Amino acid sequence: MSNPYASQQRAALEKAPPQAAEGYALVEIARRMDEAARNPDDGAAIRDVVRLNWRVWTIFQAELVDPECQTPREIRENLINLSNFIDKKSAELIGTPDASKLRVLININRQIGAGLLGSPSDDPQETERLRKEYAELHGLTPPADAAETPATPPADSQISADKTDREA
């Protein structure tokens, strides 16, 4: 049985600008990793959220190495290096779930996500405010009784140069 909210969420993300959808996904996954970090004994939850994060970063990697990618070379190289770091940390965490080691991935997602949403910030509360604002603006806020569903960017999204310039 399909989740009608998931379909609505997917449709809203597909209409959003690519960098905003990517930013929302990163901040949402950071929120989920933070939640998993609060339950250090739940190795399965840690693995699941790390796998989700890894999949999203793998999509970014594929876009960044595409010859058609319009992101400036220096930014592209920095993001590819960051993606390689995330690959390494993700493999470690999937092999040995450790909630205390999630913090680095949470911070990376929050900072990159906030930049893509238009407001680079080291403040987790500000990043969460941006995530909620974006969700409300694009109809991604679930009804009170809806189960949480993964928020991932559309498969055809790409990192835009103008938003990633803020990260440099």
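How about segment 1-120: which helices (runs of 4 or more DSSP H) wholly inside it have at least 1 residues that are surrounded by 22 or more Cβ atoms within 10 Å (Cβ to Cβ) and modelled with pLDDT of 95 or more? Outline the logic, then answer.
Working: elements: 4-15, 18-37, 43-65, 73-95, 103-116.
Output list reads 18-37, 43-65, 73-95, 103-116.
Matching residues to (1) within 14 Å of Ile94 (Cα to Cα); (2) aliphatic (A, V, I, L, M); (3) touching a residue at least 24 places away in the same chain (Cβ under 8 Å):
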{"site": "Ala25", "(1), (2), (3)": "no, yes, yes"}
{"site": "Ala30", "(1), (2), (3)": "no, yes, yes"}
{"site": "Glu35", "(1), (2), (3)": "no, no, no"}
{"site": "Arg38", "(1), (2), (3)": "no, no, yes"}
{"site": "Arg47", "(1), (2), (3)": "yes, no, yes"}
{"site": "Leu52", "(1), (2), (3)": "yes, yes, yes"}
{"site": "Arg73", "(1), (2), (3)": "no, no, no"}
{"site": "Ser83", "(1), (2), (3)": "no, no, yes"}
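The values are calculated or read from the model by the stated rules, or taken from the named source; none is laboratory data. Quick caveat, the model's predicted, so the values are computed rather than measured. Every residue, glycine among them, receives a Cβ derived from its backbone with ideal geometry; neighbour counts consider all protein chains shown.
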